[in-house]
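Below is one structure, written out as structure tokens; comments come after it.
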């Protein structure tokens, strides 16, 4: 069995992405790691080359920035990277450069790939998600955050990245998949307030809709992390490859996890999910079989 990893990255240093940590977090699981680097305004390539591993293969790409609105460019670049993996690979492990996998999940990931290798009905493996917010001490606790997503797919080139590269499709349909006992840790909302403010202003200009753009244009304040509906304290451990970055954190955010900001409908669904583990009426990028 062979597993290929693949990811895309551009302007990793400017945007302070934990790209090195993300890639390193899955290297023990994969046999090769394709890193598609978009033409950048910083030394992203040098950053990636600093990773000491002969598994990494860098490919170059120039992003079509006209496809930025809505994030379509992410899907296009993800497809390019996917098509670079070795033809003899069985599985393709997609990781975004603000996502990490804890080393405690490595055995379960490998075993799941082996388990479903010969099951031709399975085209994807679905991971649970933990979304960190503000600092490394808090994570999302509501339907605002997607709780599961496909991150391993078969090396079948009929599969393609969907919309903003959050999920995958084949022949216009969701992939028949299995949920595995592993989680992805998403750190995209953990930055010092000044960097998060810059990130959102960039997103509002290039990626998001008119409402987001107008909101950011009217705001002069630095992002304050106060716009959340529900959070909880994280009581687990972070991936070992994140420890250096965590130790260098130089900002503090004190968030009140008792504060809940829900409409009545969302409060009811929140209570149902916490009581049963079931998230009703949620959008899914996959089909669990």
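Sorting 272, 51 by the number of Cβ atoms found within 10 Å of their own Cβ, with the fewest placed first, yields 272, 51. Note on residue 41 and residue 108: the extension gain reaches 20.3 nm, defined as 0.36 nm multiplied by sequence separation minus the Cα-Cα distance.
Taken along the Cα-to-beta-carbon direction at a fixed 7 Å, the label points for residue 247 and residue 156 span 4.5 nm. How would you classify region 42-181 from its alpha-carbon gyration tensor, with a ≥ b ≥ c the square roots of the eigenvalues: rounded for a/c under 1.5, else prolate if a/b is greater than b/c, otherwise oblate? Note, shape of region 42-181 comes out rounded. Rounded to the nearest whole angstrom, the semi-axes of the ellipsoid equivalent to region 13-85, taken from the Cα gyration tensor as √(5λ), stand at 21, 15, 11, largest first.
Helical runs (DSSP H, four residues minimum) scored at -39500 (n - 2.57) apiece and divided by the length of the chain put the mean residue ellipticity at 222 nm at -7500 deg cm²/dmol. For the chain, the pair-distance distribution built from all alpha carbon pairs, in bins 5 Å wide starting at 0, is 1, 5, 11, 16, 18, 18, 15, 10, 5, 1, 0, 0 percent. Here the residues 94, 270, ranked from fewest to most Cβ neighbours within 10 Å of their Cβ, fall in the order 270, 94. Per-residue Cβ neighbour counts within 10 Å put 64, 31 in the sequence 64, 31, beginning with the fewest.
Looking at the chain, the DSSP beta bridges with both ends there are about 45 percent antiparallel.
Readers should treat all values here as calculations from the given coordinates under stated rules, not as data from a laboratory. Just so it is clear, the structure is predicted and the values come from calculations on it, not from any experiment. Don't worry about glycine lacking a Cβ; one is built from the backbone with ideal geometry, like all the others, and counts go over all protein chains shown.
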